1. Only one residue in A:ALA271, A:ALA196 is modelled with pLDDT under 95 and part of a strand (DSSP E or B). Which one?
2. How about the range B:1-46: which of its residues are modelled with pLDDT under 80 and assigned to a helix (DSSP H, G or I)?
3. Take A:VAL24 and decide whether it is crowded, with 17+ Cβ neighbours inside 10 Å and closer than 21 Å to A:VAL235 by Cβ.
4. Filter the range A:108-123 down to the residues that are surrounded by fewer than 22 Cβ atoms within 10 Å (Cβ to Cβ) and within 7 Å of chain B (Cβ to nearest Cβ), then identify the one that is modelled with the lowest pLDDT.
5. In the range B:19-30, is there at least one residue being surrounded by fewer than 14 Cβ atoms within 10 Å (Cβ to Cβ), under 30 Å from B:LEU258 (Cβ atoms) and hydroxyl-bearing (Ser, Thr, Tyr)?
6. Condition first: free of Cβ contacts under 8 Å to residues at least 12 places away in the same chain and touching a strand residue (DSSP E or B) at 6+ places or on another chain (Cβ under 6 Å). Can you find one or more residues in the range A:329-339 that meet it?
7. Output the helices (runs of 4 or more DSSP H) that fall wholly within the range B:135-231 and possess 1 or more residues being surrounded by 22 or more Cβ atoms within 10 Å (Cβ to Cβ) and within 27 Å of the chain's Cα centre (by Cα), or say none.
8. Here is a list of conditions, (1) within 18 Å of the chain's Cα centre (by Cα); (2) away from every other protein chain (no Cβ under 14 Å), and A:LEU193 meets all of them except one; can you say which number that is?
Amino acid sequence: MNGTDPLLEVRDLKTQFFTAEGTVRAVDGISFTVEEGEIVGIVGESGAGKSVAASSILRLIENPGEIVGGEVRYRGETLVGFEQRDGELRERDDMLSNEAVRKRIRGREIAIIFQDPMESLNPVFTVGGQLREFIEINRDLPESEAREEAVDMLREVGIPEPVKRFDDYPHQFSGGMRQRVLIAMALACEPSLIIADEPTTALDVTVEGQILDLVEDLQQKYGTSFIWVTHDMGVVAEICDRVNVMYLGEIVEQASVDDLFHETKHPYTAALLDSMPRPDETVEELNPIEGVMPEAINPPSGCRFHPRCPDAREVCVNVHPENRAVAEGEIHPHRAACLQHEEVFRAGYWGSQPLDDAERAQRHRELTADGGGADE
Amino acid sequence: MLRYTVRRLLQAIPVLLGIVTITFLLTDAIPGDPVSIMLGPSPNAEQAAAIRAKYGLDRPLYVRYLNYVADVVQGDLGHSLYYGVPVTQKIAERMPVTLLLLVSSFTFAILTAVPLGVISAKRRNQPTDHVSRVVALIGVSTPSFWIGLLLIIVFSFHLNLLPATNLIMPWADPVNVDGAGSRLDVLVMAGEHLLMPTITLGTLQMAAITRIERSAMLEVLSEEYVKLARAYGVPEGTILRKHAFRNAQLPVITVVGLQLTAALGGAVLTETVFSINGMGRLIITAINNQDYELVMGTTLFFGLTFVIGVILTDLSYAYIDPRVTYGERE
């Protein structure tokens with residue numbers, strides 16, 4: 001391990017769900033890195049594969065889902081590693097066993113905060129007991145010390161009267177307080193990376209603001225890295241250092257937060273930014289993205305966004321762009337998967353005929369009409 | 001919790017009063033006349049009138065009802081016309097037999113069903129799961145008296161291994177038990193006698209509990225908090241035993257409570273098949289002989305058992321799930 005290696009490196013990760021309707025390519029070859037002390041965002045609409053990507057890192061995917069390819073490396077350890085051998089895709093020998101991932105990685109090195117604070121705590125055990133158990137397991141502390149640590153952590157995340165609240169049950173906490181408990185769980189295990197899977201989506205806006213402030217404070221204090229999964233560009237702007245924009249299982253743009261907002265390189269990102277409500281615009285002026293995202297069972301040919309893209313041209317229907325470096329960035333290059341960047345893709349975008357609205361609408365209808373029930 | 005228990009017990013009082021009322025009215029509505037059964041086919045009118053007067057049968061319904069309720073409240077269930085002894089005495093005599101049978105078959109059912117259901121859920125759609133599901137399906141669809149008869153034919157008639165009739169109470173005095181020299185002999189014989197009736201009555205319960213245990217565990221195992229425990233490196237065994245098991249027992253307890261009613265009905269059949277003198281056969285004798293006070297007494301007893309079952313279910317709920325007693329100030 002040397003100083004320049006990223007904390008976490010995800011390369012060409014693929015996770016699929018094998019359903020009766022067909023194979024859902026929920027995560028279809030994504031690559032990104034997380035540096036020490038960084039907050040990296042994964043942003044996209046519902047069903048883009050963000051949560052699946054987050055769970056895949058810790059190998060928490062359950063039947064009928066399966067990680068089918070790619071690599072996840074964390075501090076020199078291979079959490080996920082597949083290779084092509086004898087014409088078959090197999091797990092590499094250096095990939096950690098399930099037992100090793102459970103004992104050495106989960107909680108201890110990488111902790112996760114789930115989306116729904118109402119469902120993430122076990123209703124029949126006390127909040128403190130659950131926190132204490134995770135501390136015991138991941139920090140090898142005896143029960144009494146783990147208990148003290150748990151109380152300290154509850155205080156740290158802003159639970160009033162932590163000693164008294166320790167023995168309360170989850171139903172005696174509000175949603176925001178429960179989310180604080182879940183954050184306390186993640187921090188108390190002293191991991192180097194926390195994956196936050198839409199942790200504020202289920203909360204009121206005011207509570208969301210408090211939680212974001214809390215996380216920023218704690219992140220500065222502990223230097224923990226974060227992967228922040230969200231569909232909210234506002235949250236991204238507030239908290240992230242770098243951002244990955246996901247669409248239908250792929251990362252379509254990857255940049256620092258400033259570049260993403262000010263030097264947007266992908267029409268999907270532009271559309272997401274455009275659809276954000278702003279105080280100086282009325283509802284009529286809001287510019288939502290046309291249509292809904294198609295199912296990942298049968299993604300569109302060429303660029304997956306072309307049926308909804310205002311800039312789509314003939315070439316976009318046939319050529320599938322993977323994301324490439326299209327501009328310089330502060331540390332990492334600004335990457336985007338759009339044929340508009342002719343100097344990089346050289347697919348003849350500007351010479352191609354623009355798709356007219358009717359044609360595009362028709363293609364979009366075809367794609368979404370027979371969509372099954374599979375979600376992310 | 002204490003407050004909740006007391007409140008739950010107090011709530012049972014109107015329920016019991018309702019049971020007494022309905023039992024009384026239903027018994028009164030049974031066609032036929034107990035007096036004519038006592039006196040034979042051609043009763044003497046004067047004798048009949050005397051008997052009616054003696055048992056208060058000549059008085060109006062509401063007077064008899066009020067008298068009966070007043071008696072029941074004082075613990076007097078009346079007099080059995082057929083046996084010629086107080087109903088309470090007859091019930092006290094028969095009740096331990098049926099309770100032994102019920103406790104034994106529920107113990108058998110729970111001890112087999114819970115592990116079977118958990119393993120089934122853990123190994124969903126694997127061979128172990130398929131076997132346990134088939135066993136459970138056969139269990140719920142086989143009539144208990146048929147299982148009893150089959151056991152008797154195989155283990156008593158052909159193999160001559162187990163006794164086919166009667167029960168022996170494990171606490172019986174060895175002196176009063178034929179062929180028993182010591183306490184140990186009595187215990188062994190009690191076990192031998194209890195084995196087949198237990199399986200007969202317990203199979204249905206076992207099958208029903210296995211099915212609900214499996215589905216409840218499957219549901220809980222897909223909960224977000226189980227996923228969270230996995231994400232924090234909690235070993236799979238601990239997740240199963242601690243994080244999932246307790247939550248999954250709520251629906252199981254409901255089913256166990258409801259199965260108690262089914263088991264009371266099953267006890268009547270089981271006692272008949274194995275010629276066991278318990279409450280089940282007592283109620284049948286009472287009905288056959290229009291022994292109306294005994295019918296009321298035994299029905300009340302069954303009702304009481306059911307009410308106790310429901311209360312125990314509720315209290316177990318409160319014990320397992322802290323949300324149940326939430327809001328009760330102690």
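The values are calculated or read from the model by the stated rules, or taken from the named source; none is laboratory data. Fair warning: this is a prediction, and the values are worked out from it, not measured in the lab. We place every Cβ from the backbone using ideal geometry, glycine too, and count neighbours over all the protein chains shown.
1. Details: A:ALA271 fails: part of a strand (DSSP E or B).
Result of the check over A:ALA271, A:ALA196: A:ALA196.
2. So in the range B:1-46, the residues modelled with pLDDT under 80 come out as B:1, B:30-45.
Scanning the range B:1-46 gives B:PRO34, B:VAL35, B:SER36, B:ILE37, B:MET38, B:LEU39, B:ALA45.
3. On the way: crowded, with 17+ Cβ neighbours inside 10 Å: yes; closer than 21 Å to A:VAL235 by Cβ: no.
No: the conditions fail for A:VAL24.
4. Within the range A:108-123, the subset surrounded by fewer than 22 Cβ atoms within 10 Å (Cβ to Cβ) is A:108, A:115-116, A:118-119, A:123.
From what's left, within 7 Å of chain B (Cβ to nearest Cβ): A:108, A:116, A:119, A:123.
On the way: A:ARG108: 91, A:ASP116: 84, A:GLU119: 89, A:PRO123: 91.
Looking at residues that are surrounded by fewer than 22 Cβ atoms within 10 Å (Cβ to Cβ) and within 7 Å of chain B (Cβ to nearest Cβ), I get A:ASP116.
5. Checked the range B:19-30: at least one residue is surrounded by fewer than 14 Cβ atoms within 10 Å (Cβ to Cβ), under 30 Å from B:LEU258 (Cβ atoms) and hydroxyl-bearing (Ser, Thr, Tyr).
6. Let us first name the residues in the range A:329-339 that are free of Cβ contacts under 8 Å to residues at least 12 places away in the same chain, namely A:333.
From what is left, the residues that are touching a strand residue (DSSP E or B) at 6+ places or on another chain (Cβ under 6 Å) are A:333.
Yes, because at least one residue in the range A:329-339 is free of Cβ contacts under 8 Å to residues at least 12 places away in the same chain and touching a strand residue (DSSP E or B) at 6+ places or on another chain (Cβ under 6 Å).
7. Details: elements: B:144-151, B:183-221, B:224-231.
It comes to B:144-151, B:183-221.
8. (2)
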